[in-house]
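**Q** Pasting in a structure now, in structure tokens, and then I'll have a few things to ask.
Throughout, read-outs are computed from the coordinates displayed, never taken from laboratory work. Quantities reported herein were computed from a predicted structural model and do not represent experimental measurements. Cβ atoms come from the backbone with ideal geometry, glycine included; neighbour counts cover every protein chain shown.
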Amino acid sequence: MRTTNGAARHQSVKRLKKRARGFYSGRHKMYHVICEAVMRAERTAYVGRKLKKRDFRRLWITRISIACRALGENGLPYSRLIAGLQWADIRLDRKQLSELAIHQPAAFADVVAKAKAALLAARPNANV
């Protein structure tokens, strides 16, 4: 007797339909359209995961920049703050700095002061 892959095929279609749940109109009913819709959704999801990282980094940098400049006389521009942190060997990433700036402004001000001091020590003639 000839065997077919009926059960496996049914499972494959079922799996694909499950991924297309919530799609509009034929995009969750018709197999050929489901294939295209799911492939496109997966492609845009992949790209979206990469863009999410970029967007968050931009957000953190913006927050840090605003917080730095809000310190007035004691503040620094963002680029000089990052250079100062490197000179001071302070290893906080941008996410941590952003959280400090939002939730603990006093601690953030201390970090900025240390970065400014390290920048002045490294480059005495620098316009900080």
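**Q** Select from the stretch 29-40 the residues that are in contact (Cβ under 8 Å) with a residue 12 or more places away in the chain and either touching an Asp or Glu at 6+ places or on another chain (Cβ under 6 Å) or among the aliphatic types (A, V, I, L, M) (or both) and list them in ascending order.
**A** Within the stretch 29-40, ILE34, ALA37, VAL38 qualify.
**Q** Determine which member of the set ARG63, ARG27 is surrounded by 14 or more Cβ atoms within 10 Å (Cβ to Cβ), closer than 30 Å to SER12 by Cβ and in contact with a helix residue (DSSP H, G or I) (Cβ under 8 Å, 6 or more places away or on another chain).
**A** Exactly one of ARG63, ARG27 is surrounded by 14 or more Cβ atoms within 10 Å (Cβ to Cβ), closer than 30 Å to SER12 by Cβ and in contact with a helix residue (DSSP H, G or I) (Cβ under 8 Å, 6 or more places away or on another chain), namely ARG27.
**Q** Given (1) of a type in the set (D, E, K, R); (2) surrounded by 11 or more Cβ atoms within 10 Å (Cβ to Cβ); (3) under 30 Å from ALA117 (Cα atoms); (4) out of contact with any helix residue (DSSP H, G or I) (no Cβ under 7 Å at 6 or more places or on another chain), where does GLU73 come up short, assuming only one miss?
**A** The number of the failed condition is (2).
**Q** Of all residues in the stretch 79-98, which are in a helix (DSSP H, G or I) and farther than 24 Å from ASP55 by Cβ?
**A** Correct list: ARG80, ALA83, GLY84, GLN86, TRP87, ALA88.
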